[in-house]
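Read through the structure below, which is laid out as structure tokens, and then see the notes.
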Amino acid sequence: MTESTKIVAQIPGALTLGGVHHVTAITSSAQKIYDFFTNILGLRLAKLTVNQDDYETYHLFFTEEDGHGADMTFFDFKDIPKGNHGVNNIERASFRVPTDASLDYWSTRFDNAHVKHGEISSKFGQNTLEFEDFDGQLYQLISDQNNNGDASKGHSWQLSNVPQEHGITGLGPVFVKVENAKNLRSILETVFGFRYAGQEGDLHLFEVANGGNGAALILQEAGEKESYAYQGYGTIHHLALGTTNPETLNYWIERIKAFRLPHSGLVDRFYFSSEYVRVAPGVLFEIATYTPGIGALDMAKSGSGAVDSYEEALITSGFWIDQSKEESGLSLSLPPHLFPGDEATKARTAASLRPLDTSDAHRDRTRDELWTVEKVLEHKAGTPVETLK
């Protein structure tokens, strides 16, 4: 064990985790989740690719305008059954919106779109609005009006028909429900450097870095008779916390190794580099870099990427390294470190995927009528949108 990875609670300031990086969930339909997120939630498809551990499964990344904020991602595993929410599960993701007035806007929008939702309420001094998608996936909107941490780095998608003053700008607190809350609290505080920030009923708030809506997890105590969760469509696969770059990620890999938690070691996802760690039964965390991944940075160094320089790559979303911002999402992207010039393998991979049409990923939606959930469910890949009711 090296000096830098001794089991100590104190984490050097420059190595502190930055907050929620992305959340990855499972959907019953890539086409339907694409339509729901772009046409109802007003988020852009920043990258269309494959699950790097299962090439027959899509991996869709939805973000705000610049690819730095609201990274909600989805797998569409073939023949997977519907999941169950409950004990030992990442229960709910949050999206940040600018003001309390934004929640009023979204409540009305959800009514008009026939999206199932609750009433505006308060959690830990922040106004929120819970809702769910067609799979029963659980989300909430959280207002940044009284946010006491860093402002959101994102800007709402400019081609959306959501007014800019109310658009989604980033991810908020993620809810984790476990049987052994005491054990997970110890891991959050001791291993990951979170601070306990308060309790409301069965909810416990933890913050890291500068805290606030973008750097928080909410630990929910499970009820005595509550059923156990199991993964399937409509549930969250894992959540990711952010670290600065590949060098700081190495610190976290060594730290997690020192605590002897089950972990993956370094995994290069091209769009970012990662480390996966199991923190509780059924609960998988990832630590992911804010910079592009090792493979993407190598591409930028070689001059073959879609950016002009390595220095530009360091401040650009990893989604825009192998495809420009203007291209990304329109067609399938296969990370070159997994598919190095093998066109036959690429063709076989594309052929194994379900039909999915994202050809309108950059269409200007600012004047579009609002989609309803019924329209989302009716739409099949290849069906012209204008033929839908």
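The values are calculated or read from the model by the stated rules, or taken from the named source; none is laboratory data. All values reported here derive from a predicted model rather than from experimental measurement. With ideal geometry, Cβ positions are generated from the backbone for all residues, glycine too; neighbour counts draw on all protein chains shown. Surface accessibility is based on the protein's heavy atoms, side chains included, excluding ligands, DNA and RNA. Shrake-Rupley method; radii C 1.70, N 1.55, O 1.52, S 1.80 Å.
Could you please find all residues in segment 340-382 being in contact with a strand residue (DSSP E or B) (Cβ under 9 Å, 6 or more places away or on another chain), part of a loop (DSSP other than H, G, I, E, B) and either without any contact (Cβ under 8 Å) to a residue 12 or more places away in the chain or exposed (fewer than 15 other Cβ atoms within 10 Å of the Cβ) (or both)? Selection gives Ser352, Arg354. Go through Leu45, Leu17 for me and flag whichever is under 21 Å from His166 (Cα atoms) and open to solvent by less than 10 Å² (accessible area, probe 1.4 Å). Just a single option satisfies the conditions, and that option is Leu45.
The condition (being open to solvent by less than 20 Å² (accessible area, probe 1.4 Å), part of a helix (DSSP H, G or I) and closer than 30 Å to Ile80 by Cβ) is satisfied by just one residue among Leu239, Leu184: Leu184.
In segment 96-104 there is at least one residue that is modelled with pLDDT of 95 or more, under 17 Å from His68 (Cα atoms) and open to solvent by less than 30 Å² (accessible area, probe 1.4 Å).
Please determine, by comparing only the residues of segment 66-75 that are modelled with pLDDT of 95 or more and either open to solvent by 10 Å² or more (accessible area, probe 1.4 Å) or aliphatic (A, V, I, L, M) (or both), which one is nearest to Asn51 (Cα to Cα). By that ranking, first place goes to Phe75.
The C-beta contact set for segment 212-231 (first residue closer than 16 Å to Asn147 by Cβ, second residue open to solvent by 80 Å² or more (accessible area, probe 1.4 Å), distance under 8 angstrom, 6+ apart or interchain) comprises Gly212/Asn148; Gly212/Asp150; Gly214/Asp150; Ala215/Asp150.
For segment 132-171, a residue qualifies if it is open to solvent by 20 Å² or more (accessible area, probe 1.4 Å) and of a type in the set (A, V, I, L, M, F, W, C), and the qualifying residues are Phe134, Leu138, Ala151, Leu159. Contact map, segment 156-184: first residue over 30 Å from Thr366 (Cα atoms) and at pLDDT 95 or above, second residue open to solvent by less than 10 Å² (accessible area, probe 1.4 Å) and assigned to a loop (DSSP other than H, G, I, E, B), Cβ cut-off under 9 Å, separation 6 or more or different chains; pairs are Lys177/Gly86.
Of the candidates Asp111, Asp79, the single residue that is free of Cβ contacts under 8 Å to residues at least 12 places away in the same chain, more than 27 Å from Glu179 (Cβ to Cβ), out of contact with any Ser or Thr (no Cβ under 7 Å at 6 or more places or on another chain) and in a loop (DSSP other than H, G, I, E, B) is Asp79. Checked against (1) within 30 Å of Lys47 (Cβ to Cβ); (2) assigned to a loop (DSSP other than H, G, I, E, B); (3) among the basic types (Lys, Arg), Arg255 passes all but condition (2).
Please work out which residue is least open to solvent (accessible area, probe 1.4 Å), limiting yourself to segment 105-131 and to residues that are closer than 15 Å to Ile40 by Cα and of a type in the set (S, T, N, Q). Across segment 105-131, the extreme among qualifying residues is Ser107.
The condition of being open to solvent by 20 Å² or more (accessible area, probe 1.4 Å), closer than 23 Å to Phe62 by Cβ and not in a loop (DSSP other than H, G, I, E, B) holds for only one of Leu330, Leu284, that being Leu284.
Pairing residues of segment 298-311 that are closer than 17 Å to Lys325 by Cβ with residues that are among the hydrophobic types (A, V, I, L, M, F, W, C) and in a loop (DSSP other than H, G, I, E, B), at Cβ distances under 7 Å and at least 6 apart in sequence or on separate chains, gives Met299/Ile321; Ala300/Val307; Ala300/Ile321; Gly305/Ile321; Ala306/Ile321; Val307/Ile321. The residue pairs whose first member lies in segment 258-281 and is open to solvent by 30 Å² or more (accessible area, probe 1.4 Å), whose second member is among the acidic types (Asp, Glu), and whose beta carbons are closer than 9 Å, counting only pairs six or more residues apart or on different chains, are His263/Glu275; Ser264/Glu275; Ser264/Glu286; Leu266/Glu275; Val267/Glu275; Val267/Glu286; Tyr276/Glu286; Pro281/Glu179.
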